[in-house]
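The values are calculated or read from the model by the stated rules, or taken from the named source; none is laboratory data. A quick note: this is a predicted structure, and the numbers were derived from the prediction, not measured. As a convention, Cβ positions derive from the backbone with ideal geometry for all residues, glycine included, and neighbour counts pool all protein chains shown. Heads up: the accessible areas ignore ligands, DNA and RNA and are worked out on the full protein's heavy atoms, side chains in. Shrake-Rupley method; radii C 1.70, N 1.55, O 1.52, S 1.80 Å.
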Amino acid sequence: MAGLSTSALLLIAFVIPGAVFVWRFEAQAGLYGVGLKDRALRLMGASAVLFSLSAWALYWAYIDYRPTFAELAMPPWWFWILPILYTIGPGVIGSVLGYAWKKDWPGARFIIGKNRAPRAWDHLFQDEPAGILRCKLRSKTWIGGVYAQGHGNEPYTSGYPEPQDLYLPAMIDINPETGETITDEDDIPIVLDWGVLLRWEDIEVLEFERLPEKTNGS
């Protein structure tokens, strides 16, 4: 029973840092490759690396404080900081690497991998670009909208592996037959005060244009 308990504790100690790392990494980078096989491999790989880095500390704690726990004695107060660091540390590392991978920081691709997005859809929206979208629907109608973060009611795009859908909180005035953007006397696109929710299966063509510095109604 003692051997089983030790094995169970070692298994938990091995899995926890990888699970926390993957959880925080995906919170920043997105749920890319979240099939059971992909997630299991990512978790085991992260656990192996983090467990190896902290193996010396675990060995020291086990050797020095095993008699203390066996005698049901209370270890020093600072001992309880170790399990907190053991769980918070991988979370911090996962958050930083996930954010670096999403923002394409130098060296992030070398550490995490080159392919930052599994689909062209995710590749287009993962860096939160600011621009104007024009969509030709399968009904042959053209619509357009503003895609820009940090302006109150923000746009949203689903990420892998969820079905591709897109929410645009502000539309632009556009000719529904030709797709031509209608502008004011200063040649600035006219922003309308309603939004739209789109599904990829309803879109035939999607065009993206960098957002001008000034947009009427923004």
Next on the checklist: Going residue by residue through segment 148-164, is there one that turns out to be touching a strand residue (DSSP E or B) at 6+ places or on another chain (Cβ under 6 Å) and in a strand (DSSP E or B)?
Outcome noted: yes
Checklist entry - How many residues are on the phi > 0 side of the Ramachandran plot and open to solvent by 40 Å² or more (accessible area, probe 1.4 Å) if we restrict to segment 154-203? => result 1
Item to check | Pair list, Cβ under 9 Å, 6 or more apart: segment 119-147 residue within 17 Å of LEU198 (Cα to Cα) and hydroxyl-bearing (Ser, Thr, Tyr), other residue open to solvent by 50 Å² or more (accessible area, probe 1.4 Å) and in a loop (DSSP other than H, G, I, E, B) | outcome: THR141/PRO176; THR141/GLU177; TYR147/GLU128
Next on the checklist: So, in segment 196-218, how many residues would count as being in contact with a strand residue (DSSP E or B) (Cβ under 9 Å, 6 or more places away or on another chain) and modelled with pLDDT of 90 or more?
Outcome noted: 12
Checklist outcome for this item: Among (1) at pLDDT below 75; (2) under 17 Å from ALA46 (Cβ atoms); (3) open to solvent by 60 Å² or more (accessible area, probe 1.4 Å), VAL96 falls short only on (1)
Checklist entry - Is segment 16-30 home to any residue that is at pLDDT below 65 and either small (Gly, Ala, Ser) or not in a helix (DSSP H, G or I) (or both)? => result no
Checklist outcome for this item: Checking PRO83, PRO90 in turn, the sole residue that is in contact with a Leu (Cβ under 7 Å, 6 or more places away or on another chain) and assigned to a helix (DSSP H, G or I) turns out to be PRO90
Next on the checklist: For segment 133-186, give me each residue that is within 17 Å of GLU201 (Cβ to Cβ), of a type in the set (Asp, Glu) and out of contact with any Ser or Thr (no Cβ under 7 Å at 6 or more places or on another chain).
Outcome noted: GLU162
Checklist entry - Quick check: anything in segment 181-189 of a type in the set (S, T, N, Q), without any contact (Cβ under 8 Å) to a residue 40 or more places away in the chain and touching a strand residue (DSSP E or B) at 6+ places or on another chain (Cβ under 8 Å)? => result yes
